[in-house]
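S.K.: To start, I am sharing the structure in question, which I have written as structure tokens.
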Amino acid sequence: MIGGAVFLLARISSRSREVRAAWSGGFTAEARCLRTYQTFDAAGGGHGRTTLHHVYEFTTREGRSVRFTESGGPVTTVEGDVVIVHYTAERPERATAHAPAPGRLAAGQGCAYAFLGVFIAFCLVFMAVAHLIFSAVDEVLP
């Protein structure tokens with residue numbers, strides 16, 4: 001579980017770094033929304049979370065056609081709409097159609113770090129308590 005949380009921390013950091021780089025030092029292009037679709041992640045009891053995804057296509061300054069999928073975009077963007085995307089020359093396939101909002105990105109990243117940090121701390125405390133309990137039982141029972 002801790003390994004999964006650390007993996008998520010690394011993914012969140014990586015994507016945030018990519019988006020920040022695209023916003024600050026990257027290029028912009030007009031992209032067409034080719035498709036929208038929703039995914040549903042079911043949780044226990046039938047409740048879950050629906051995520052909206054957009055598939056965009058744009059042409060880089062070098063003339064290369066790039067297609068990418070991004071989740072969490074605005075529900076008002078539909079197939080055929082033209083939006084502005086931000087991308088870096090090194091990795092245009094990691095573009096973003098989200099409008100620059102560094103404060104919002106930092107807040108979301110901070111909340112994710114805090115949640116996962118508490119989760120990791122809980123796991124470590126649980127492991128320590130379980131170790132103490134099993135050690136005590138081993139001493140009582142030969």
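The values are calculated or read from the model by the stated rules, or taken from the named source; none is laboratory data. Since the model is a prediction, treat every value here as computed from it, not as a measurement. Positions of Cβ are generated from backbone atoms using ideal geometry, with glycine treated the same way; all protein chains shown enter the neighbour counts. Note: accessible area is taken over every heavy atom of the protein model, side chains too, but ligands, DNA and RNA are not part of it. Shrake-Rupley method; radii C 1.70, N 1.55, O 1.52, S 1.80 Å.
S.K.: For E30, state whether it is open to solvent by 30 Å² or more (accessible area, probe 1.4 Å), part of a strand (DSSP E or B), among the charged types (D, E, K, R) and in contact with a Leu (Cβ under 6 Å, 6 or more places away or on another chain).
M.R.: no
S.K.: Among the residues of the stretch 77-88, count how many are farther than 18 Å from Y37 by Cβ, open to solvent by less than 50 Å² (accessible area, probe 1.4 Å) and in contact with an Asp or Glu (Cβ under 9 Å, 6 or more places away or on another chain).
M.R.: Count: 3.
S.K.: Would you confirm whether or not the stretch 15-23 contains a residue that is open to solvent by 40 Å² or more (accessible area, probe 1.4 Å), among the aromatic types (F, W, Y) and either under 30 Å from F122 (Cα atoms) or more than 15 Å from the chain's Cα centre (by Cα) (or both)?
M.R.: yes
S.K.: I've got another one for you. Could you identify the single residue in P92, P102 that is open to solvent by less than 70 Å² (accessible area, probe 1.4 Å) and either of a type outside the set (A, V, I, L, M, F, W, C) or at pLDDT below 95 (or both)?
M.R.: After ruling out the rest, the residue left standing is P92.
S.K.: Got a sec? Which of A136, A121, A130, A112 is surrounded by 13 or more Cβ atoms within 10 Å (Cβ to Cβ) and out of contact with any Cys (no Cβ under 8 Å at 6 or more places or on another chain)?
M.R.: A112
S.K.: Given the conditions (1) touching a residue at least 12 places away in the same chain (Cβ under 8 Å); (2) more than 16 Å from the chain's Cα centre (by Cα); (3) over 18 Å from T88 (Cα atoms), which single one is not true for E57?
M.R.: Against the list (1) touching a residue at least 12 places away in the same chain (Cβ under 8 Å); (2) more than 16 Å from the chain's Cα centre (by Cα); (3) over 18 Å from T88 (Cα atoms), E57 comes up short only on (3).
S.K.: Here's another thing I want to ask about it. Since T69 meets every condition but one in (1) open to solvent by 30 Å² or more (accessible area, probe 1.4 Å); (2) assigned to a strand (DSSP E or B); (3) more than 16 Å from T36 (Cβ to Cβ); (4) not aromatic (F, W, Y), which condition does it not meet?
M.R.: (3)
S.K.: Can you find a residue in the stretch 46-54 that is open to solvent by 60 Å² or more (accessible area, probe 1.4 Å), among the hydroxyl-bearing types (S, T, Y) and touching a strand residue (DSSP E or B) at 6+ places or on another chain (Cβ under 8 Å)?
M.R.: Yes, the stretch 46-54 has at least one match.
S.K.: Would you check if there is a residue in the stretch 63-83 being in contact with a helix residue (DSSP H, G or I) (Cβ under 6 Å, 6 or more places away or on another chain), at pLDDT 95 or above and not acidic (D, E)?
M.R.: yes
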